[in-house]
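**Student:** Take this structure first; my questions come after.
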Amino acid sequence: MKFNTFLTAVATTLTVGLGAIAPAQAGSFSAGTASNGQSVRVDIDSINRASARSINFVYYLGEERIFAQAHCDTRSWTTFPENKTQYPQSVATQSMVNFVCDKTRNVSTTARTALVVDPPSNVRATPNGRIICSLGRTRIEVFEPTGSWYRTNVCGAKGYIHKSQIQF
């Protein structure tokens, strides 16, 4: 997913109020304490490969929600909308970048084209999760399967469509 698409998805999420102030603890990775004394947590569901070397993700510094893109080749990250590149200053921020990069190490960035064959077909935020958009009969790009679900960015954000709804 291009980062502009990621930012659009983030803006849409914030506009319609789907983003919570803090993620559920079950959906987050606690990286530890930053050099400024605040806790560092990664929203696991926000992790989404942008390219072979970059990963979009959301993290929390204390209660502040920060949109970022990790650069796995340099083990740094850029925060948005500031567009400021950061480098680890603590064990926690190093752990954060390592976690994000390692979590996507074996995730394919190769898209396949699929035909939606049973419209209206729902694209969900997570497998069996809330609906983020519905599709008519159309061609979409899908990525690696998660069980019976395929990841897609067709709704402007990471989503999942059931394998019974598409055909290759």
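Rule-based calculations on the coordinates, nothing more; no lab input. Computed from a prediction, not measured in an experiment: that's the story for all the values here. Here Cβ is always computed from backbone atoms with ideal geometry, including for glycine, and neighbour counts include all displayed protein chains.
**Student:** Enumerate the calculated ³J(HN,Hα) couplings along the range 71-83 in order (Karplus 6.51 cos²θ - 1.76 cosθ + 1.60, θ = phi - 60°), each rounded to whole Hz, writing x wherever the residue is Gly or Pro.
**Tutor:** For the range 71-83, the Karplus curve yields 10, 5, 6, 10, 6, 10, 8, 10, 9, 10, x, 5, 6 Hz.
**Student:** Once you have the Kirkwood Rh of the range 112-167 from its Cα pairs, apply Stokes-Einstein at 20 °C and 1.002 mPa s and quote D in µm²/s.
**Tutor:** 202 µm²/s
**Student:** List, in order, the whole-Hz ³J(HN,Hα) value for each residue of the range 85-102 obtained from phi through the Karplus relation with A = 6.51, B = -1.76, C = 1.60 and θ = phi - 60°; use x for Gly and Pro.
**Tutor:** Coupling constants for the range 85-102: 7, 10, 10, x, 10, 8, 4, 5, 6, 5, 4, 4, 5, 4, 4, 4, 5, 5 Hz.
**Student:** Let me ask something else. Report the residues of the range 37-70 in range of a label on Q89: point 7 Å along Cα→C-beta, backbone N strictly under 14 Å from it.
**Tutor:** Under cut-off, by backbone N: 37-40, 61-62.
**Student:** For A50, enumerate residues with amide H under 5 Å from its amide H, sequence gap 5+ or separate chain, H modeled in the peptide plane.
**Tutor:** The answer is I55, N56.
**Student:** Let me ask something else about it. Let's test this: bin the Cα-Cα distances of the range 57-168 at 5 Å from zero up to the farthest pair and state each bin's percent.
**Tutor:** 2, 11, 18, 18, 13, 13, 12, 8, 3, 1, 0
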